[in-house]
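Values in this text are rule-based calculations from the coordinates and carry no lab data. Bear in mind the structure is a predicted one, so any value in this text is a computation, not a measurement. Note that each Cβ is placed from the backbone with ideal geometry, even for glycine, and that neighbours are counted across all protein chains shown.
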Amino acid sequence: MIELVFAIHVVGLVGAAIAGRRSIQGALRVAAIAPAATTIWAAESLLSGREPVSASMTWVEQLDLELIFLADSFALMMTLLVSGIGALVFVYASGYFAVDARGSIRFPVTLLGFSVSMLGLVLAESVWTVFIFWEFTSITSFLLVGHKLSDPSAQQAAWRALMITGAGGLSLLAGLLVLTDDVGSVLLADIAGSQTASPLAAVLVLIAVGTKSAQLPFHSWLPGAMAAPTPVSAYLHSATMVKAGVVVMAVLGGAFVDSQTWQWLGLIVGAATTLWGGFVALRQRDLKLILAYGTISQLGLLVTLLAVGTSKAVFAALSIVVAHALFKSALFLVVGEIDIRTGTRNLDELAGLHRSMPVAFVVAVLAGVSMAGIPPLLGFAAKEAAVEAVLKLSGIEQVVAFIGIVGGSVLTVAYTFRMLAGLSRSPEDGRTITALAFRPAMAIPSIIVAGLGLVGFVLLGTINGIVTPAATELNAGSAVYELLRWPGATTALMVSAAVVLVGSTIGAAIHRSETATVLGEPEPVAARVSDASIDGVLRLSRRVTARVQHGSLPVYLLTMSATVVIAAAAFLPAVSVTHLEWAETPVQLVLGLAIAAAAAAGVQVRTRLGAALTLGAVGVAMSGLFILQGAPDLALTQLLVETIVVVGFVTGLGHLARTFPPVTQGWLSVRLGVAVMCGLGVVGALAASSAQPSGSFPAADLLRESVETGGGNNIVNVILTDMRALDTLGEVVVLAVVAVGVIALARTSRSPGRAQ
Amino acid sequence: MIRSQSPIVHISVRAATPLAAVAGIYLFFAGHNQPGGGFAAGLVLGAVVILRSVAGLRTPDDATVLVATGMAIIVAVAAAPLVWGDLLLDQKVVSLELPLFGKIKSGSALLFDAGVVAVVIGLIVSLLNGLAPAEFSPESPGDETST
């Protein structure tokens, strides 16, 4: 079944690419089919309560490397979010892009590629499968964030996202290596059940989670990623990309239940991120940035809860994952619609939105109320679960988690209040916003996701039927919990009430003082630091490249020859002098002398043509030696290569002066010295290897095998095309790459505007 | 350039072309049991290309097509066995009784070698087009018929 899901996506990719030739809208609609079908499959599997299906594919047998997938309750819940919201985002995007938008194949295909990467990540059951799809999401999100090729800020944001999440990927790789080494299995189920993880693994995995889920201090890529088209932001920052870190933290969490490092690092980073994100969100005026920092804050909340790792906390985390995916995607979709229809996302210019875009405003209120955790919406039930989970803790752990979660919630209420109040305030000078015509393709998806927040609260039993088994999958103790519509007058409810009261007071205060601009735009310090470090790395690499790739052919050759000398030095002690002979036949001696003479002449000769010819003479004499040794194939090839090289030299010499440029005596002697040493080194290494033959002579076996399996009598060619054909394949690829390189170089140097 | 300076070179390269091509093709087929093979054949044919270019005769000018064709053949031959469940690059040997030639024994390695030939010639053509001085390029298309 899982194979079928992936197959549908592959068909969808091809279909979208074909449909994209006509219009981007068609491509987006075709691309929506695969996620929609997957959503139906996931929902059906969840409701039927069947045994989880699995799939595996051997990748590298010798390394025990397998792609393993398992659709358990947690994976299916995430699939529902990833594919369900994915399908809606595709529909939405078909309204978002102008009809004649360019790049019409690139966008749908990349977005679907991202969607399937995320799907692979949530369905993965072995750590390496997780890792591969994790990296796929990094790459595809890089392409999506940088979709607007002409926008330098989008390009910079894309690079920032790639650098940060890419570094996180390396950390994850290291963490998973440590973890699998500790546990001795690559299956997530074994790892989660082991509880033997080392602190090192905890730190490495948490760094990876922090980069992907935008935790302090790695958060700076997320606000920058708002440069992407809004459908991308809605998808990446609600249900997918940023949740990848949370998913990995959730599925590996079992291994770190007893790890103090995991708990404290996660707790402190998570709590700090929650507060910081909420605080910065308060200071933003761009709606999309309010949501971006709000997302950072919510992710901090999730990391806090998962770091705590109690059964109640895990349950609360998953409830928030579901609620957040719904309200945040609804808000992003609405903001995109506002942006497209009014031309602005600035809160200051959007006063009176409730009059000009009533539907969008209602959706924003529904989703916003859910985000603030106010009944009767799903966000409320999820927030209650989180507060209860914190109240069950004790000691300093409780204090930190309480400050993070309650403080974060207060700020969430505040920025939500400010945003909604800003949209509904009546414009000062009585002017109204002019909005373009209503676009159903954009409005309907946002209505659906925002509505689901309400429906989910009404039909809380269905949500429980999804979240509780999923949480139980991660922590067996979660089976007893469920979301409550009305918890009664518990401490948690009191806390929530206080949160709403304080939050809305702060929000109202900021809203009123807005005209006075008490709070200016915050300094993007972290973004600047990460950009500076990226620039620094690039500068360093440029400097190193300039030093190493200096462009001087003689020095390149000298470096290579000197390396050969050093490499050969290790073999010299093995040379046995008694073993060596001068020559087997006198002809060898003659040819050897001819080679030496030609080489010596090559050093002396002053013209380039002369040098080419003496080199050719060396090669031809060499092929004579091969014939004497009974290697006609080698001799033939050598002869042909020499011919081509000499002819090639002659054609190429037309570009160059007739004679070599003058060099100083010192430099010449260095070059001569290294050349002689190199020659002696090669002779020495060969003499050493022939002094110690090991094993039996392979010729007889090869001859037999060549006739039997290859059907040819020329062993050399049967080896080339059959027995060691893989090597030949590799060599041919090298030739092809060289050819492509030459073609590219020739084109560059001949293109106008460049000096020859 | 050379054409105008030395009609002898020009004419003899033209005359030698088919001979060298036959030699190259011979090497290609001989490779199975005797010295030769795809690489050698490619080099001989490549040398023909260079000589023709020096003599100002028409040469294949699109290296990209040659390299791409060669790689396509090689990858296809390499991957084909996977389709029927054999190992990558597994060889199929076929024996045929042909009139005139007698018994012929050959395999998919021959196709593989054909790909090698194309890539080698492609490389040489690309080097030639990329590096050779401009005066070597043929003066006009359809050169050959005008002599």
Proximal lysine pairs, the protein assembly as shown, alpha carbons under 21 Å, eight or more residues apart or interchain: 15
Whole-Hz couplings from phi, Karplus 6.51/-1.76/1.60, listed for the stretch A:119-131; x for Gly and Pro: 4, x, 5, 6, 8, 4, 10, 10, 4, 6, 4, 4, 4
Distance (nanometres) between label positions extended 7 Å along Cα→Cβ at A:Arg543 and A:Glu705: 5.2 nm
Peptide B:43-55, shielding by other chains (average Cβ, 10 Å cutoff): 3
Whole-Å distance, taken between Cα centres, linking the stretch A:8-33 and the stretch A:277-330: 32 Å
The protein assembly as shown - Rg and Dmax from Cα coordinates, angstrom: 35.4, 108
Computed E for B:Ala79/A:Met560 - FRET, C-beta separation, R0 41 angstrom, nearest 0.05: 0.70
Chain A: angle of helix A:491-512 to the longest principal axis, Cα-based, in degrees nearest 10: 80 degrees
Per-residue HN-Hα couplings for the stretch A:611-622 [Karplus 6.51, -1.76, 1.60; θ = phi - 60°; Hz; x = Gly/Pro]: 4, 4, 5, 5, 4, x, 4, 4, x, 5, 4, 4
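Sort A:228-237, A:592-601 by packing, meaning the average of other beta carbons within 10 Å per residue, with the highest value first.
A:228-237, A:592-601
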Relative packing of A:563-575, A:171-183, which averages over residues the other C-beta atoms within 10 Å, highest first: A:171-183, A:563-575
Extension gain (nm, one decimal) between A:Ala657 and A:Gln195, 0.36 nm per residue minus Cα-Cα: 159.1 nm
On Cα atoms only, tilt of A:152-183 relative to the major axis of chain A in degrees: 80 degrees
Amide proton proximity set for A:Arg724, modelled H, under 5 Å, gap of 5+: none
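Using 1/(1 + (r/R0)^6) with R0 = 60 angstrom and r between the beta carbons of A:Ser694 and A:Thr434, what's the FRET efficiency to the nearest 0.05?
0.10
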Built amide H within the under 5 Å cut-off of A:Ser126, gap 5+: A:Ile68, A:Leu188
Per-pair calculated FRET efficiency, R0 = 30 Å: A:Leu668 and A:Val641 via Cβ, rounded to 0.05: 0.60
Relative packing of peptides A:455-464, A:82-91, A:159-168 - highest average C-beta neighbours within 10 Å first: A:82-91, A:159-168, A:455-464
Under 5 Å, built H, 5+ apart or other chain: amide partners of A:Thr659: A:Arg608
P(r), alpha carbons of the stretch A:259-518 - 5 Å bins starting at zero, rounded %: 1, 7, 14, 18, 19, 16, 11, 8, 4, 2, 1, 0
Estimated D of the stretch A:433-590 in µm² per second, where Rh is the Kirkwood radius over Cα pairs and Stokes-Einstein applies at 4 °C, 1.567 mPa s: 48 µm²/s
Whole-number percent relative contact order across chain A, with pairs defined as alpha carbons under 8 Å at least 6 apart: 10 percent
Label-point gap, in nm, between A:Gln398 and A:Arg50 - each point 7 angstrom along Cα→Cβ: 4.6 nm
Note, ³J(HN,Hα) from phi for the stretch A:64-76, Karplus 6.51, -1.76, 1.60, rounded to Hz, x at Gly and Pro: 6, 8, 10, 8, 10, 10, 9, 9, 7, 4, 5, 4, 5
Degrees separating the helix A:287-308 axis from the principal Cα axis of chain A, which is the longest one: 80 degrees
Where labels lie 7 Å past Cα in the beta-carbon direction, separation of B:Phe29 and B:Leu87 in nm: 3.1 nm
